[in-house]
Amino acid sequence: MFVVRDMLLGMGTVAFDLKDRVQALLPSMLEMRRDFHRHPELAFQERRTSAKLADHLEKIGLEVTRNIAETGLMARLKGGKPGKTVMVRADIDALPITETTGAAYASVAPGVMHACGHDGHATIAAHVATLFSQMRDQIAGEVRFVFQPAEEIVQGAKPMVEAGVLEGVDRVVGLHLFNQLPVGTVGVRPGPSMAAADAFTLTLHGKGGHAASPHLAVDTVVIASHIIVALQTLVSRETDPVGTSVVTIATVTAGDGAHNIIPEVAELKGTLRTFDPTLREHLMRRIYNLASGIAAAMGASAEISWRPGSPAVVNDAPLTERFRGIARELVGDKLIETPPVMGGDDMAEFLNRVPGVYFWVGSADASTGRDKPHHHPGFDFDDERTLPLATELLARTALDFLK
Ligand code: NI
């Protein structure tokens, strides 16, 4: 039993048993998570999810602003005493995947699925709000709940920031469920923990022609091949091996299916993953220089367009240390230091501006088959055990960060 005593102001020996209160919320959490799971919505289409959350938060007495960045929302819980402002962030969108779990609460939206656990994230943050609404007088400061849309396309956080949700915020905290870790485990690392993820499209312009007369054409297929191979040297030969980065070409498009036509245009789509902002800029420049240099040398031209993603997720080191102390009390040696993840998350947009922590909560249960990786059509997690643990941990962290 954990008794929250140190954040009570002027309450003397009044004790507040967080664990029992969280356990009492379990039926409500399961109902909400499974409802969201049954009705997933894609990026910037989370109207039902957002409205349900807003209704819940209004009902428990929070000051709610709806429709921020289209389908996001913010809910403010002002404590009984003045103090710092801590933002709790959750993402709410689903993925374009057809679910195969066969669960009773499986998606009823064709081709759309909560395959990343954001149904869990939204539920956890909403119930931290419920918990805090029951102890409002004892909270010194403001806890601001931000539910952002469109994390899966890393486009939701930035417009939320531009709409002002970070104004006056001193610290931010958020979590991601993690099916690579068993339920009961918590992971975190100080400093860079998730990569910046930028997408690019390289378009090559050559000269089309008959496949039997290559000397009269400029063959974009051959040029694209040279570029693809040369791009592999950016990480292997130009980047400090101690650093971590990825350059991947994921889509190659040229020609229309003919056997006898040299295509005039070829298109390469890829992603760049980095942790260091200087390296990120360097590699963005080098990808274009290398591609355009090779294209020019072979008589073609190249252009590039970038869809910049979010920056790297960087955890504040002192706050991470504080978080570790809290997590250790809850899960003991099941607290681990997770390696950096090459996936991106636009939680970075908040952490880039305000110090905070983004942590992982293990959610897999192999005994019930709920241990598939994120973004898998069979993805599901152990909600009965993960939701209470994650809610208690997030609540305790937010309370600590108010200090
Ligand atoms: Ni996710």
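Values in this text are rule-based calculations from the coordinates and carry no lab data. Here the structure is a predicted model, which means the values were calculated and not measured. Glycine gets a Cβ as well: all are built from the backbone with ideal geometry, and neighbour counts include every protein chain shown.
How are the alpha carbon pair distances in the chain distributed across 20 Å bins from zero to the largest one, expressed in percent?
Histogram of Cα-Cα distances, whole percents per bin: 26, 50, 20, 4, 0.
Starting from the Cα gyration tensor of the range 324-403, take the square roots of the eigenvalues, sort them a ≥ b ≥ c, and report rounded, prolate or oblate (rounded when a/c is under 1.5, otherwise prolate if a/b is larger than b/c, else oblate).
Taking the square roots of the gyration eigenvalues as a ≥ b ≥ c, the range 324-403 is oblate.
With 10 angstrom as the radius, rank GLU58, GLU41 by how many other C-beta atoms surround their C-beta, starting from the fewest.
Values: GLU58 13, GLU41 21.
Fewest to most other Cβ atoms nearby, the residues stand as GLU58, GLU41.
Order 162-169, 147-154 from most to least packed using the mean count of other Cβ atoms within 10 Å.
147-154, 162-169
Just to be sure I understand: with springs between alpha-carbon atoms less than 10 Å apart, which residue in SER213, SER363, SER236 has the highest mean-square fluctuation in the Gaussian network model of the chain?
SER213
Within the range 299-321, name every residue whose backbone N is under 20 Å away from a label modeled 7 Å from Cα of LEU216 along the Cβ vector.
Once the point is set 7 Å along Cα→Cβ of LEU216, 299-300 turn out to lie under 20 Å by backbone N, inside the range 299-321.
Give me ASP198, ASP119 ranked fewest to most by other Cβ atoms within 10 Å of their Cβ, as a rough exposure proxy.
ASP198, ASP119
Within 10 Å of each residue's Cβ, count the other Cβ atoms and sort LYS59, LYS158 from fewest upward. Walk me through the numbers before you get to the answer.
Values: LYS59 11, LYS158 18.
Ranked by crowding around the Cβ, least crowded first: LYS59, LYS158.
Could the peptides 288-295, 379-386 be put in order, highest first, of the mean number of other beta-carbon atoms found within 10 Å of their residues?
The peptides rank, most packed first, as 379-386, 288-295.
Across the range 25-34, in residue order, what do the Karplus-derived ³J(HN,Hα) couplings come to in whole Hz, using 6.51 cos²θ - 1.76 cosθ + 1.60 with θ = phi - 60° and x for Gly and Pro?
Rounded to whole hertz, the list is 8, 4, x, 5, 5, 5, 5, 5, 4, 6.
From the helices alone, meaning DSSP H stretches of at least four residues, give me the mean residue ellipticity at 222 nm for the chain, per-run term -39500 (n - 2.57), in deg cm²/dmol to the nearest 500. Please report the intermediate quantities before stating the final value.
Numbers: 10 runs with 131 residues, N = 403.
Per the formula, -10500 deg cm²/dmol.
Once you put a point 7 Å from the Cα of ASN67 and another 7 Å from the Cα of GLU303, both along the Cβ direction, what distance in nm separates them?
Roughly 3.7 nm, to one decimal.
Using only the alpha carbons, work out the radius of gyration and Dmax of the range 196-307 in angstrom.
Computed over the Cα atoms of the range 196-307, radius of gyration and Dmax are 14.9, 47 Å.
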